[in-house]
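Colleague: Okay, here's the structure, questions in a sec.
The values are calculated or read from the model by the stated rules, or taken from the named source; none is laboratory data. Worth saying up front: this structure is predicted, and the values here are computed from it rather than measured. Cβ: placed from backbone, ideal geometry, glycine included. Neighbour counts: every protein chain shown.
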Amino acid sequence: MTPPGLLVAGADGPVPTTGDGGVFAFELPQRLLATDPVEAEGGRRDDVQMLVARRSGGPLVDATAAGLPAFLEAGDVVVVNISATLPAAVPTADGRLLHLSTELPGGRWVVEVRERCRAGSLPSTAGVAGTAVGLPGGGRAELLSPYPADGRARSRLWVAALSLLQPVPAYLSRFGRPIRYGCVDTAWPLDAYQTVFATVAGSAEMASAGRPFTPELVTALVAAGVVVAPLVLHAGVSSPEAHEPPYAERYAVPALTAALVNAAHDAGHRVVAVGTTVARALETVADRAGRVSAGSGWTEHVIDPASGVRAVDGLLTGWHEPAASHLRLLEAVAGRELLVRSYARAVEHRYRWHEFGDVHLVLP
């Protein structure tokens, strides 16, 4: 008997089933994990594969990210995240890694202690409140309390007080490196983890749905009459346990972006969010009718099929891990049937996962 939530090989290819708790889940073959960026093979970022799926029906379409303008129309608005990635992984004195996730009010940080594993790392639950973690350059992090306070993280994340001899950005520039996990063997430089839009530093990990964009692709979109609008959402660590909802994150939606989104809807055009971070920020500032207002601060908004989406019509996103809570967001945009069909196609056609991987365009 197949356990619930697995994607198994059938006579005609992958057969998806439903995960526990309503989260779509599947089995992800290791061969589909992208270990290197496409540039390492001589390609451009927009050479990655892109599966196009329409909620209104029709066949799934295999394309590349460079072909994105062909699937959009003049007047559509593509909203991108301009948050830049920090070199947020710092080696500890005892041979582990400390991932700085999110800066909290008062100068505290949400952090994660990781055990080294090959080139990457695994979550550690060895810490206890009051533990002092030694850092390079005479630095120190004191674990104060589990985060969030309700304990759902099972001590994977901590609120920490940092004692550093210089401001955090300068310290990370000197001692930090980009966060990477077990599937990535090569220590790629920070530039490999930045999107073409990255201008405001603050994310622990790259807003990776924007990685396939190149200056040439942006130019092609603008030439086709597609509007590209910015916002900021500083993403925390993306290594949560299965079914673990996203944590509060800092965001800022500018007044001009809000106006462009509203004008597009008024004119019957589509708003396409580049990544789940963009979708979260836009839905945070959308009213029940889908009207978007400028706003900034902390968002705890969680998008799922029950909440639905009001401001976002389409989504360009990467391929997400089995049982990840992001799949609930995708289901809110795509619907369960299309999501299941898309993921079965992606596995069968060997689309690649993770931040260096391929992308999924969901349109109305």
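Colleague: Scan segment 101-150 for residues that are under 21 Å from Arg174 (Cβ atoms), modelled with pLDDT under 85 and among the basic types (Lys, Arg) and jot them down.
Modeller: Arg116
Colleague: List, please: which pairs have Cβ atoms under 7 Å, are six or more places apart or on different chains, and start with a residue in segment 52-74 that is assigned by TED's automatic domain parsing to the domain that holds Leu316 and end with one that is at pLDDT 95 or above and acidic (Asp, Glu)?
Modeller: Thr64/Asp46; Thr64/Asp47; Ala65/Asp46; Ala66/Asp46; Ala66/Asp47
Colleague: Out of (1) under 20 Å from the mean Cα position of the chain (by Cα); (2) under 28 Å from Val237 (Cβ atoms), what's the single condition that is false for Ala286?
Modeller: Going through (1) under 20 Å from the mean Cα position of the chain (by Cα); (2) under 28 Å from Val237 (Cβ atoms) one by one, Ala286 breaks only (1).
Colleague: Do we find that Ser155 is modelled with pLDDT under 70, at positive phi and not basic (Lys, Arg) in this structure?
Modeller: yes
Colleague: Can you tell me which residue is nearest to the chain's Cα centre (by Cα) among those in segment 63-100 that are at pLDDT 95 or above and among the acidic types (Asp, Glu)?
Modeller: Asp76
Colleague: Next up: Quick one: in segment 298-331, which of the residues that are in contact (Cβ under 8 Å) with a residue 40 or more places away in the chain and of a type in the set (S, T, N, Q) is farthest from Val61 (Cα to Cα)?
Modeller: Top of the filtered list is Thr299.
Colleague: Moving to a separate point now. Under the condition of being in a loop (DSSP other than H, G, I, E, B) and out of contact with any Leu (no Cβ under 7 Å at 6 or more places or on another chain), which residue from segment 225-237 is modelled with the highest pLDDT?
Modeller: Gly225
Colleague: Right, next: If we keep just the residues of segment 37-65 that are of a type in the set (D, E, K, R) and assigned to a strand (DSSP E or B), which is surrounded by the most Cβ atoms within 10 Å (Cβ to Cβ)?
Modeller: Applying the filter and picking the extreme gives Arg54.
Colleague: Go over the candidates Leu327, Leu315 one by one and state the one that is under 18 Å from the mean Cα position of the chain (by Cα), in a strand (DSSP E or B) and under 16 Å from Ala209 (Cβ atoms).
Modeller: Residue meeting the stated conditions: Leu315.
Colleague: Just to be sure before I move on: is Leu338 crowded, with 21+ Cβ neighbours inside 10 Å and either at pLDDT below 95 or farther than 20 Å from Val237 by Cα (or both) in the structure I sent?
Modeller: No; evaluated as a whole, the condition is false for this residue.
Colleague: OK, next. Look through Ala209, Ala248 and report the one residue that is assigned by TED's automatic domain parsing to the domain that holds Ser56, at pLDDT below 95 and of a type outside the set (S, T, N, Q).
Modeller: After ruling out the rest, the residue left standing is Ala248.
Colleague: Given the residues Ala258, Ala281, which is the only one that is outside any loop (DSSP other than H, G, I, E, B), farther than 17 Å from His360 by Cα, under 13 Å from the mean Cα position of the chain (by Cα) and modelled with pLDDT of 95 or more?
Modeller: None of the other options fit; the residue is Ala281.
Colleague: Which is on the phi < 0 side of the Ramachandran plot, of a type in the set (Val, Ile, Thr) and surrounded by fewer than 18 Cβ atoms within 10 Å (Cβ to Cβ), of Val274, Val302?
Modeller: One residue alone meets the criteria, Val302.
Colleague: So which pairs qualify, if the first residue must be in segment 93-116 and within 14 Å of Arg156 (Cα to Cα), the second must be in a strand (DSSP E or B) and among the aromatic types (Phe, Trp, Tyr), the Cβ gap must be under 6 Å, and the two must be at least 6 apart or on different chains?
Modeller: Listed by first residue and then by second, the contacts come to Leu100/Trp109; Val111/Trp158.
Colleague: Follow-up question, since we're still on this one. Applying the selection to segment 215-227, what residues are crowded, with 17+ Cβ neighbours inside 10 Å and either touching a residue at least 40 places away in the same chain (Cβ under 8 Å) or closer than 13 Å to Leu260 by Cβ (or both)?
Modeller: Leu217, Ala220, Leu221, Val226, Val227
Colleague: Please go through (1) under 30 Å from Ala263 (Cβ atoms); (2) buried (at least 22 other Cβ atoms within 10 Å of the Cβ) for Thr85 and return the number of the only condition it doesn't satisfy.
Modeller: Of everything listed in (1) under 30 Å from Ala263 (Cβ atoms); (2) buried (at least 22 other Cβ atoms within 10 Å of the Cβ), Thr85 misses just condition (1).
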